[in-house]
1. Considering all projection directions equally, how large on average is the shadow of the alpha-carbon convex hull of segment 29-149, in square nanometres?
2. In percent, what relative contact order does segment 29-149 have, based on Cα pairs under 8 Å that are 6 or more apart in sequence?
3. Order of Glu97, Glu75 from fewest to most other C-beta atoms within 10 Å?
Amino acid sequence: MHGLKTKARLGSIITVLLAAAVILAGCAASINYTYDPAASFAGLKSYNWATAGSVSQTNDLVVKNVQYQADQVLEKKGFTRTTENPDMLIWMNYENEIGINQYGYQLRMLTLGIQKAGSKQLLWQGSATGTINADAASGDLKKAVDGILANFPPKK
């Protein structure tokens with residue numbers, strides 16, 4: 001009888017752990033991206049951030065944290081941030097979780113777009129959707145930005 005109770009308890013624990021894993025997996029950000037298949041990414045070496053006017057509702061700390069994370073990733077990929085004649089401009093847009101005011105730190109979507117600096121032709125766009133905790137102490141934002149930029153430049 002004692003063996004049956006142990007097996008039943010073990011089965012209950014496994015069920016709870018599997019349910020928790022499914023719930024937590026549902027909270028992870030989903031990454032999507034698209035790009036212009038005719039565009040050449042070969043000559044792009046420098047970038048700058050587009051002006052804040054491209055973000056419809058801004059929270060300076062969210063913007064700074066996204067830029068900081070993206071700058072780290074792009075530097076590792078060999079891109080240089082410059083204010084003088086960049087090859088490309090990067091813009092961002094984000095949406096807060098429903099029910100949270102515009103200054104909340106829970107995002108439901110983060111989008112990064114990359115365009116040619118001169119023509120403003122959109123070359124590439126990536127987004128993360130799901131619950132993204134955007135405060136500086138959370139690893140969610142880093143994971144989302146890393147995930148988005150993992151596919152830039154695209155491997156054709």
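No lab work stands behind these numbers, since they all come straight from the coordinates. Everything numeric here is computed off the predicted structure, so don't read it as measured data. For neighbour counting, all protein chains shown are included, and Cβ atoms are generated from backbone atoms with ideal geometry for every residue, glycine included.
1. Across all orientations, segment 29-149 yields a mean hull projection of 7.2 nm².
2. 33 percent
3. Lowest count first: Glu75, Glu97.
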